[in-house]
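Asker: Provided herewith is a single structure, encoded as structure tokens, for subsequent inquiry.
Read-outs: derived from the displayed coordinates by stated rules, not from any lab. This structure is a prediction, so every number in the text was calculated from the model and none was measured. Every residue, glycine among them, receives a Cβ derived from its backbone with ideal geometry; neighbour counts consider all protein chains shown.
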Amino acid sequence: MVKLVIDKGNSSIKYGIFDQEKLIAVDSTSHSDQRKLVSVIEQFSPELAIISSVTSDDDHSLILDRIAQTIILDSNTPLPFINEYETPETLGRDRIALAAGVTYLCPGRSVLAIDAGTAITYDVVIDGNIYIGGNISPGMMMRFKALNAFTGRLPLVSSDDFRNLIGKTTHQAIASGVINGIVFEMEGYRRMVEQEWGITDCFITGGDSDFFAGKLKKPIFANQNLVLFGLNRILEYNA
């Protein structure tokens, strides 16, 4: 059975086509131009679809008009794992999908999942199917913009200004401060979850995942499509 899974994030829309459990196509598009989604529906003729959106006012009519059996992921959607979050109605749909993704890829194991995107999220699944919660912090670009916006003279920089541990110009100092700060943060969470729950498996996904994966001391599984696999898992569970 062919399925379409859609992850509407803060910056862009990422989508994938699954044939059963195999991801056979993946791409992304902007919120303002969703013609790619129409083309992929016409090309693959999916029978089922699921949409995850981090915003509350999205118009899903483009998909609903073309695929009758479409799930809009929300706090009431049945999940293939136990959700112990105390306010499930506020839990981000991307974080729900992330938890489903690691339960699919690491059955029976405890996992820390990091999503390095506009924001950075840290989510913990224990014993293979129990989501216990996580944390949210600003993403790399958000930190760069905040230093520029909330100070009088600090420039807006990017990861291209990063050199090493210590910056020797103001641009390098900001880049090193932000990037090394995120690396220390990620490594700190990894140490804490290992001490608390014995977790050694760690996944990283999101737009900045490849950038940070190589900067962490311990090996980490980088998977750009972890949320898509999670959405497919939820769709399969409900189908």
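Asker: Would you be so kind as to identify which of Phe229, Val183, Ile67 lies farthest towards the positive end of the dipole of the chain, taking Lys and Arg as +1 and Asp and Glu as -1 on Cβ and the Cα centre as origin?
Answerer: Of the candidates, Val183 comes out farthest on the positive side.
Asker: Give me the extension gain from Phe184 to Asn238: residue separation times 0.36 nm, minus the current Cα-Cα distance, reported in nm with one decimal. Walk me through the numbers before you get to the answer.
Answerer: Numbers: separation 54, 0.36 × 54 = 19.44 nm, distance 3.88 nm.
Between Phe184 and Asn238, full extension yields an extra 15.6 nm.
Asker: Over what distance in Å are the Cα centres of region 203-234 and region 10-33 separated?
Answerer: Cα centres, region 203-234 to region 10-33: 16 Å.
Asker: Rounded to the nearest 10 degrees, what's the angle between the helix 35-44 long axis and the longest principal axis of the chain, both from Cα atoms, 0 to 90?
Answerer: 50 degrees
Asker: I've got another one for you. Apply the Kirkwood formula to region 1-126: the hydrodynamic radius equals the inverse of the mean of 1/r over all pairs of different alpha-carbon atoms; give it in Å with one decimal. Intermediate results must be reported in sequence, preceding the final value.
Answerer: Numbers: mean 1/r = 0.0646 Å⁻¹.
Over region 1-126, the inverse of the mean reciprocal pair distance is 15.5 Å.
Asker: Going 7 Å from the Cα of Glu42 toward and past its Cβ, which residues in region 8-33 have a backbone nitrogen under 20 Å from where you end up?
Answerer: Residues 15-18, 25-33 fall inside that zone.
Asker: Once R0 is set to 30 Å, what does the formula 1/(1 + (r/R0)^6) return for the Cβ-Cβ distance between Leu64 and Asn164, expressed as a FRET efficiency to the nearest 0.05? Intermediate results must be reported in sequence, preceding the final value.
Answerer: Details: r = 50 Å, r/R0 = 1.67.
The pair Leu64/Asn164 has a calculated efficiency of 0.05.
Asker: Taking every DSSP beta bridge with both residues inside region 17-138, roughly what % is antiparallel (nearest 5)? Before the final figure, lay out the partial values.
Answerer: On the way: 17 of 23 bridges.
So the antiparallel bridges amount to about 75 percent of the total.
Asker: Determine ³J(HN,Hα), in whole Hz, for all residues of region 192-207 in sequence, where each value follows from phi through the Karplus function 6.51 cos²θ - 1.76 cosθ + 1.60 and θ = phi - 60°; x replaces Gly and Pro.
Answerer: Working through the residues one at a time gives 5, 6, 5, 5, 7, 10, x, 7, 10, 7, 9, 10, 10, 9, x, x Hz.
Asker: Shifting gears a bit: Mind checking which of Gly206, Phe144, Ala49 is farthest towards the positive end of the chain's charge dipole, using Cβ charges of +1 (Lys, Arg) and -1 (Asp, Glu) about the Cα centre?
Answerer: Value computed over the given set: Phe144.
Asker: Helix 226-238: angle to the longest alpha-carbon principal axis of the chain, degrees 0 to 90, nearest 10?
Answerer: 30 degrees
Asker: In terms of the ratio Rg/(2.2 N^0.38 Å) built on C-alpha atoms, what value belongs to the chain? If you can, show how the numbers build up before the last one.
Answerer: On the way: Rg = 18.7 Å, N = 239, 2.2 N^0.38 = 17.6 Å.
My calculation over the Cα atoms of the chain gives 1.06.
Asker: ³J(HN,Hα) across region 98-112 via Karplus (A = 6.51, B = -1.76, C = 1.60, θ = phi - 60°), whole Hz, x for Gly/Pro?
Answerer: Taking θ as phi minus 60°, the curve returns 4, 4, 5, x, 6, 5, 6, 7, 10, x, x, 10, 8, 9, 9 Hz for region 98-112.
Asker: Kindly state, as a whole number, the per residue volume in cubic angstrom of the convex hull around the alpha carbon atoms of region 183-222. Mind dumping the intermediate values first?
Answerer: On the way: hull volume 2.5 nm³, N = 40.
Looking at region 183-222, the number lands at 63 Å³ per residue.
Asker: Pairing the Cα long axis of helix 140-149 with the longest principal axis of the chain, what angle in degrees results, from 0 to 90 and rounded to the nearest 10?
Answerer: 50 degrees
Asker: Provide the per-residue ³J(HN,Hα) series for region 128-133, in order, calculated from phi with Karplus coefficients 6.51, -1.76, 1.60 and θ = phi - 60°, each as a whole number of Hz, with x at glycine and proline positions.
Answerer: x, 8, 10, 8, 9, x
Asker: So how far, in whole Å, is the C-alpha centre of region 40-69 from the one of region 156-201?
Answerer: Here the two parts' Cα centres lie 37 Å apart.
Asker: Of Lys22/Lys218; Lys145/Lys215; Lys3/Lys218; Lys14/Lys145; Lys168/Lys215; Lys145/Lys168, which pairs sit farther than 27 Å apart, going by alpha carbon to alpha carbon?
Answerer: Numbers: Lys22/Lys218 29 Å; Lys145/Lys215 22 Å; Lys3/Lys218 35 Å; Lys14/Lys145 24 Å; Lys168/Lys215 20 Å; Lys145/Lys168 20 Å.
Over 27 Å apart, Cα to Cα: Lys22/Lys218; Lys3/Lys218.
Asker: In region 94-239, what percentage of the DSSP-assigned beta bridges are antiparallel, given to the nearest 5? Intermediate values should be presented prior to the final figure.
Answerer: Values: 14 of 21 bridges.
Expressed as a percentage, antiparallel bridges in region 94-239 total about 65.
Asker: Run the helix sum for the chain: -39,500 (n - 2.57) per DSSP H stretch of 4+ residues, divided by residue count, reported at 222 nm to the nearest 500 deg cm²/dmol. Mind dumping the intermediate values first?
Answerer: On the way: 7 runs with 83 residues, N = 239.
Taking each H run of at least 4 residues, the total per residue is -10500 deg cm²/dmol.
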